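Notes for the one structure printed next.
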Amino acid sequence: MIIRSCAAGNVDGIILPKKNSAKISPLVVKASAGTLFKLPIYFCEKLETLLPDLNDADIYALSLEAKNDIYTIKEGEKSIYVLGNESEGISPEVEKLCNDKIIIPMNREVESLNVAVTAALIAFMKS
């Protein structure tokens, strides 16, 4: 679902670390409805080793502790959004490498969304 939303939205690529992310399996290919092949997917061992090399990008961590929301940030030419896994979120090591933490504002005391919904909102917020 994340791949399909990113391909349909304004995302230029997806970075998938080997640790703590879903693997590209036949089920993922099927669920993507063919969109898996419509945008680049980059693989890395760990985000902790990749993110320092991307210092020309604005790197945002989605976090419940953020003060800025996704609608108030000023995106640069290159932006990267780090989405954590649904049970543990983003590791402290990866969070330290991000330029800022942002949050999706929610109503009715809802705390969080699943990662696929979060990815879809991010994919369509950019113009």
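Looking at segment 1-111, what helices (runs of 4 or more DSSP H) fall wholly within it and have at least 3 residues that are aliphatic (A, V, I, L, M)?
Numbers: elements: 2-8, 26-31, 47-50, 92-96.
Hits in segment 1-111: 2-8, 26-31.
Just a yes or no: is a residue in segment 50-59 of a type in the set (Gly, Ala, Ser), surrounded by 13 or more Cβ atoms within 10 Å (Cβ to Cβ) and under 20 Å from Asp12 (Cα atoms)?
Just the residues of segment 50-59 that are of a type in the set (Gly, Ala, Ser), to begin with: 57.
Filter once more, so that each one left must be surrounded by 13 or more Cβ atoms within 10 Å (Cβ to Cβ): 57.
Next, from what is left, pick out any that are under 20 Å from Asp12 (Cα atoms): 57.
Within segment 50-59, one or more residues are of a type in the set (Gly, Ala, Ser), surrounded by 13 or more Cβ atoms within 10 Å (Cβ to Cβ) and under 20 Å from Asp12 (Cα atoms).
Quick test of your reading of the structure: Thr35 fulfils all but one of (1) surrounded by 12 or more Cβ atoms within 10 Å (Cβ to Cβ); (2) at pLDDT 80 or above; (3) among the hydroxyl-bearing types (Ser, Thr, Tyr). Name the failing condition by number. All conditions are met except number (2). Of all residues in segment 77-95, exactly one satisfies the criterion of being surrounded by fewer than 11 Cβ atoms within 10 Å (Cβ to Cβ) and more than 17 Å from Pro17 (Cα to Cα), namely Glu77.
The values are calculated or read from the model by the stated rules, or taken from the named source; none is laboratory data. A quick note: this is a predicted structure, and the numbers were derived from the prediction, not measured. Methodologically, a virtual Cβ is constructed for each residue, glycine included, from the backbone with ideal geometry; neighbour enumeration extends over all protein chains shown.
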